[in-house]
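Take a look at the structure set out below.
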Amino acid sequence: MIRHRPHGSGHPYADTEDQRVPARPLDGESVELRVRASAEVVSVVCDWSADGAAPIELPLTRQGGQDEQGEQHAQGEQHEQGEQHGQGEQHGQGEQHGQGGQSAGSVDGGHLAAAQARAARAAAGSWAVRTPALQAGARYAYRFRSTTTGGVTRTSRWFEVTAASWSDAGGKLEIAGADRIVPGSVRWLADGDGPLRVRFELALEPREHVVGFGERFDAVDQRGRSLDAVVFEQYKAQGRHGRTYLPMPYAMVVGGAASWGWHVRTSRRTWYDVGASRPGRVVVEAETGRDGELGVRFYDGERPADVLGAFLDEVGRPAELPDWVFRLWASGNEWNTQERVLAELDRHREHGIPVGALVIEAWSDETTFTAFRGAEYEPSPDPHRLADYTFPADGPWPDPKGLVDELHRRGVKVLLWQIPLQKMRPHPRHQAAVDARQLVERGYGVREADGRPYRNRGWWFPLALMPDLSSQEVRDWWTAKRRYLVEEVGVDGFKTDGGEHAWGHDLRYADGRDGAAGNGLFPVHYARAFGDLLCDCGKAPVTFSRAGFAGSQPHGAFWAGDEDSTWEAFRSSIRAGITASACGIVYWGWDLAGFSGPVPDAELYLRAAGASAFMPIMQYHSEFNHHRTPIRDRTPWNVAAQTGDERVIPVFRRLAELRERLVPYLAEQARAATAGGAPLMRGLFFDHPHDPQVWRHPLQYQLGDALLVAPVTEPGISETSVYLPHREGGWVDVWTGRELPGGRSVSLPAPLDRPPVLCAAEHWSRLSPLFAA
């Protein structure tokens, strides 16, 4: 057996051991042809033909050990082996196995090691050869012949490839707004089958800064950096890798005489060299369809908010969410029974820590994501109602409706975790088999280019089917199975996790898009589907997503994805919030102090809680750890127990109580943001675009019109320097009432229970009572 996929798995950042590298070569480049072969194969030969000439033989060499791409896989995809979230196949179901093959109660010696072993096995079965250089205008064909130890020869089908080259013509660029493209900079990349990409340049003035491109963890100002925009699940360390779940082909330019911005009107992949190669130039490169058409819209405005508003007029404005989203959210991946959930909520009450929302991740059977684990019911092709289920008294969820009712009596809203996949491993049984059959027989799944149902190419839920949520019919079918959870059980929202599973440029969607154009829109359709379900049931559209794209703004709330409990991740997450807001995301949060690894120390935890108390969403969460001890919950009482620090609970309580008092202000400011105002959480440049000093303090931000927040993101700090932009009336330290003029930096005390926060003087009289308690 031999396998060759010219474009590999579709992973945007790593090659695979069975692909063509590069998949789309340039004029004058040679390519490496890789195949995977079974163990009995002893030789592989490539027949290589140019323009129909007689083929030449190119013998392939077996690749020994783990090559560079194998290492990339091990590092980039380790989380899919089982360490991630506990979501997927590990939400606390003791009888299930993680993807790495270990039981939920066992220790596997480290998931990175498992991933490296898997990559090494794949590389060991790989063969490769390098071709002669390809020339533009020629058409090349190749196939592979393998021979086994028994002398059996097998021949693959023929594959074709042509070399691409850049030229001044070949497509059509449609410009809207004031054209800022540098004359003569437009270039088109085309191969033998037509256009592939377009490239053009924009001029930057020396004082201008560039912010946007979706949620970004590595920097607020992207000037001097290179990046791309493609939806991707980078498990942890997003700040180091420069990858994001929530990219957008949009940016604003701030600091010149006036603000301006641009939107590349595409859902395909784009790239940006923001003055990294040439200081005064932004080089934009974008994939195109074979028609070579691309639209670019430019925006001009006196203020950054004007630029953002024009962009939101085009892609959709955020919808206002209810006030309760601003209360504390609680979550833990190992809260996998009704008893455990109530116990944790009892601890909140015991310690006097107010909580407003609970995210239950480990609730479902994790084969359907519609039925509570332990429920007894008959499979059905039609959506179930609550009366169809029996919940054993000794089961993990003996009374889901009673649980939700009790939480509502306590003033706590409830969200349930979701994944947009139909699991196929292990082989589906019971209701999962019915759902999988419906998805295939009705043609409701995303499809491969040849019409077969797409099977997830990632490592989290491998080979799962994916519902094609670009179709209204499929969205209705998928959410109808969950309707009883809202209408009868009474849940208030959904954590719409994992919208990044569509890999492959040649997938097919019901709306007519291929994978290159449709994959980035999948998370938009996903959150929209669940928001529509909630609205149809009379609830607010509260979804909680990590993935998205341009057009996600109207669909619920977002969090920054998965991170370790480190100071570096703390800083990265603040950048993510500031940049996401610069693209129109109003309701945003993160897993305060990180969700992965050992619990943070008390200082990191409380500094993160102090910052989160002044962010749009304040929530804690922890990943699955196979129920090993010590537990890794990020509850204040567990952090206190693990660290032995007696300050944790009282300081966290003080911050949570303050958060409760801030809810009316946050709701008021969010209402203004959704109505067309500046974002709720916003970098200082939004209100002070002509102040060059704000760029020296990229982690400071405003929370609404009144509050300026300066998070403490380094350990061992007792006082910190805070920059106060100039404004009429100056600022007031919310903890001391001290009046401070703007236009300078000041040193402020920074105790753990009083994060540095300033209030604009004109708002102090109405907000001062919030800080007096």
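The values are calculated or read from the model by the stated rules, or taken from the named source; none is laboratory data. Here the structure is a predicted model, which is why all the values come from computation and not from measurement. Reconstructed Cβ throughout: ideal geometry from the backbone, glycine too, with neighbour counts over all protein chains shown.
Of note:
- Among the residues of the stretch 1-15, those that are in a loop (DSSP other than H, G, I, E, B) and without any contact (Cβ under 8 Å) to a residue 60 or more places away in the chain comprise Arg5, Gly8, Asp15.
- Identification of strands (runs of 3 or more DSSP E) wholly contained in the stretch 189-256 with 1 or more residues that are in contact with a Pro (Cβ under 8 Å, 6 or more places away or on another chain) and not acidic (Asp, Glu) yields 209-214, 225-229, 247-254.
- Taking residues in the stretch 737-750 that are in the same structural domain as Ser765 (by TED's automatic domain parsing) and surrounded by 12 or more Cβ atoms within 10 Å (Cβ to Cβ), and partners anywhere that are part of a strand (DSSP E or B) and among the charged types (D, E, K, R), the pairs with Cβ atoms closer than 7 Å and at least 6 places apart or on different chains are Leu740/Asp733; Leu748/Glu719; Leu748/Asp733; Pro749/Glu719; Ala750/Glu719.
- Filter result (farther than 22 Å from Phe771 by Cα, outside any helix (DSSP H, G or I) and either more than 28 Å from the chain's Cα centre (by Cα) or among the polar types (S, T, N, Q) (or both)) within the stretch 659-703: His688, Pro689, His690, Asp691
- Looking only at the stretch 474-494, and only at residues there that are more than 22 Å from Met424 (Cα to Cα) and assigned to a helix (DSSP H, G or I), the one that is farthest from the chain's Cα centre (by Cα): Glu488
- Count of the stretch 748-773 residues, restricted to those that are in contact with a Gly (Cβ under 8 Å, 6 or more places away or on another chain), part of a loop (DSSP other than H, G, I, E, B) and closer than 16 Å to Trp731 by Cα, is 1.
- Here the stretch 396-426 is the region considered, the condition is being over 28 Å from the mean Cα position of the chain (by Cα) and either in a loop (DSSP other than H, G, I, E, B) or of a type in the set (Lys, Arg) (or both), and the residue that is surrounded by the fewest Cβ atoms within 10 Å (Cβ to Cβ) is Arg409.
- Failed item in (1) in contact (Cβ under 8 Å) with a residue 40 or more places away in the chain; (2) in a loop (DSSP other than H, G, I, E, B), with Asn519 passing the rest: (2)
- Only one of the numbered conditions (1) surrounded by fewer than 17 Cβ atoms within 10 Å (Cβ to Cβ); (2) closer than 30 Å to Gly512 by Cβ is violated by Val296, and that is (1).
- For the stretch 264-283, residues that are in contact (Cβ under 8 Å) with a residue 60 or more places away in the chain, surrounded by 23 or more Cβ atoms within 10 Å (Cβ to Cβ) and either of a type in the set (Gly, Ala, Ser) or part of a strand (DSSP E or B) (or both) total 2.
- Test: residue in the stretch 332-348 that is in the same structural domain as Phe614 (by TED's automatic domain parsing) and part of a strand (DSSP E or B): no
- For the stretch 121-179, a residue qualifies if it is in a loop (DSSP other than H, G, I, E, B), buried (at least 18 other Cβ atoms within 10 Å of the Cβ) and of a type in the set (Ser, Thr, Tyr), and exactly one does: Thr131.
- Test result for Trp329, in the same structural domain as Ile578 (by TED's automatic domain parsing), touching a strand residue (DSSP E or B) at 6+ places or on another chain (Cβ under 6 Å) and either hydroxyl-bearing (Ser, Thr, Tyr) or more than 17 Å from Gln619 (Cα to Cα) (or both): no
- Residue that is farthest from Trp503 (Cα to Cα), among those in the stretch 513-530 that are out of contact with any strand residue (DSSP E or B) (no Cβ under 8 Å at 6 or more places or on another chain) and of a type in the set (A, V, I, L, M, F, W, C): Ala529
- Being β-branched (Val, Ile, Thr) and either free of Cβ contacts under 8 Å to residues at least 40 places away in the same chain or touching a Cys at 6+ places or on another chain (Cβ under 8 Å) (or both) holds for only one residue in Thr337, Thr390, Thr368, and it is Thr390.
- Arg34 being under 34 Å from the mean Cα position of the chain (by Cα), in a strand (DSSP E or B) and touching a residue at least 40 places away in the same chain (Cβ under 8 Å): yes
- The set of residues in the stretch 339-373 being of a type in the set (S, T, N, Q) and farther than 19 Å from Glu623 by Cβ consists of Thr367, Thr368, Thr370.
- Looking only at the stretch 495-510, and only at residues there that are in a loop (DSSP other than H, G, I, E, B) and over 18 Å from the mean Cα position of the chain (by Cα), the one that is surrounded by the fewest Cβ atoms within 10 Å (Cβ to Cβ): Asp506
- Those residues of the stretch 713-746 which are farther than 21 Å from Arg766 by Cα and outside any loop (DSSP other than H, G, I, E, B), in sequence order: Glu719, Thr720, Ser721, Val722, Tyr723, Arg744, Ser745, Val746
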